[in-house]
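Below is one structure; the comments refer to it alone.
The values are calculated or read from the model by the stated rules, or taken from the named source; none is laboratory data. Since the structure is predicted, the reported quantities are computational estimates derived from the model, not experimental observations. As a convention, Cβ positions derive from the backbone with ideal geometry for all residues, glycine included, and neighbour counts pool all protein chains shown.
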Amino acid sequence: MWRTVIVDDEPWALEGLAEVIDWRAAGFSIEGRFTDPQEAFAFLCENQPDVVFTDIRMPEISGVELISMARQRGIGCKFVLISAYEDFKAAQQAILLDVCGYVLKPYDQEEINKVAEIIRKHLEKENGVPQLDWQDSPELTLEKAAAWERELRHFSGGFLCLHEEQGRRPEPLEGGRLLSLPVKGAGSGFLVLSNDARAARALFLDGADSAGWGVSQAHAPADEGIPAMLREAWYSLQCRFHYSVRELVGEIQLYLCENMGKDLILGQIAQHYHFSEPYFCVLFKRGAGVPVMRFIQLVRINYAAYLIRTTDNRLQDISEQVGFNNYSYFGKLFKKYQGVTPESCRE
């Protein structure tokens, strides 16, 4: 948790900022609230918090003066200025003092969440918070995840959410916690911790907020499950699907993603799971909502679109990487599902 202080001479504004978002879910703990900037300054000197939100215009000491005093004392925390109106002169002074953000009253929840996300990323970068990579070995991922051990041990399980856009976050979870995890290649990453991870995941997927998120399956315990959750959420995000609530079907979905570059033959896949081919097809469609061959095509094409957008690899090579040896057939399927040709997607 990043230790946070709020300074505002108006008590209603002080409480309003403290309650506008779920600060703990965002990774911040409110350590002090002050209406007197002198008292706030004394607290900063003694406790050296990570973040300070301060009003610009206060009696005796302005927010800019408070920041200047703190900088002169060598206090290196992140400052965010608050104002009831746009004070550009103060904003110009703040830039010289390396202020991290600027927000207006009345508070807007979305705006505060975005500022909190920016600050959190700055703090993580400066303090060496490890970035997870889905291609790392499970051992390395677990080694990195040890940085969050204190948070993880309070909950029995969880699931991982990834989004392409920065500043996105799931809705707060009653009785649980959102733990921000930086993941390479994703704009936003959160581990949703809960003592009933399956129910929490089902609730999330039923909500409108789940659109655009790559969501892993639920795992318990959460710490040991992070390597698997990372792979699952990555494929869910880039291949544009959600895992079935049926655990076995979810396992099959992951298997198909991890083996998309191979020659996937229905009979062999069914045999791998000790089912007859007809039963396997019925089982998968009931659990995933689409026939297995259509799912394989969607996974391959969506992952190809991701590779086209994010790499300079030859289109022919990408086609083969996702399991198509016939580029002409790949191009037709790509146009069918993406609405554009592979060449247009890259442009």
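See the values below:
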{"item": "Residue match in segment 314-327 (condition: within 26 Å of the chain's Cα centre (by Cα) and within 22 Å of SER244 (Cβ to Cβ))", "result": "yes"}
{"item": "Segment 155-181 residues that are of a type in the set (S, T, N, Q), paired with ones that are in a loop (DSSP other than H, G, I, E, B) (beta carbon under 6 Å, 6 or more apart)", "result": "SER156/ASN195; SER156/ALA220; GLN166/GLY187; SER180/GLY27"}
{"item": "Members of segment 298-330 that are in a helix (DSSP H, G or I), of a type outside the set (Phe, Trp, Tyr), in contact (Cβ under 8 Å) with a residue 24 or more places away in the chain and buried (at least 18 other Cβ atoms within 10 Å of the Cβ)", "result": "VAL299, ARG300, ILE301, ASN302, ALA304, ALA305, ILE308, LEU315, ILE318"}
{"item": "So GLU151, is it under 18 Å from ALA218 (Cα atoms) and not in a loop (DSSP other than H, G, I, E, B)", "result": "yes"}
{"item": "Test: residue in segment 217-227 that is touching a His at 6+ places or on another chain (Cβ under 6 Å) and either within 19 Å of CYS161 (Cα to Cα) or of a type in the set (Ser, Thr, Tyr) (or both)", "result": "yes"}
{"item": "Residues that are polar (S, T, N, Q) and either assigned to a strand (DSSP E or B) or crowded, with 17+ Cβ neighbours inside 10 Å (or both), drawn from segment 165-202", "result": "SER180, SER188, SER194"}
{"item": "Pair list, Cβ < 8 Å and 6+ apart or interchain, from segment 58-69 residues that are assigned by TED's automatic domain parsing to the domain that holds PHE41 to residues that are among the small types (Gly, Ala, Ser)", "result": "SER62/ALA90; GLY63/ALA90; VAL64/ALA90; VAL64/ALA94; LEU66/ALA40; ILE67/ALA94"}
{"item": "Single residue of LEU230, LEU283, LEU333 found to be hydrophobic (A, V, I, L, M, F, W, C), in contact with a Phe, Trp or Tyr (Cβ under 6 Å, 6 or more places away or on another chain) and part of a helix (DSSP H, G or I)", "result": "LEU230"}
{"item": "Sole exception among (1) part of a strand (DSSP E or B); (2) aliphatic (A, V, I, L, M); (3) touching a residue at least 40 places away in the same chain (Cβ under 8 Å) for LEU81, by number", "result": "(3)"}
{"item": "Unmet requirement for CYS161, which otherwise passes all of (1) within 25 Å of GLY212 (Cα to Cα); (2) modelled with pLDDT of 85 or more; (3) part of a loop (DSSP other than H, G, I, E, B)", "result": "(3)"}
{"item": "Given (1) under 16 Å from GLN135 (Cα atoms); (2) more than 30 Å from the chain's Cα centre (by Cα), number of the condition CYS281 does not satisfy", "result": "(1)"}
{"item": "Subset of segment 65-76 that is in contact with a Leu (Cβ under 9 Å, 6 or more places away or on another chain) and modelled with pLDDT under 85 - its residue that is surrounded by the most Cβ atoms within 10 Å (Cβ to Cβ)", "result": "ILE75"}
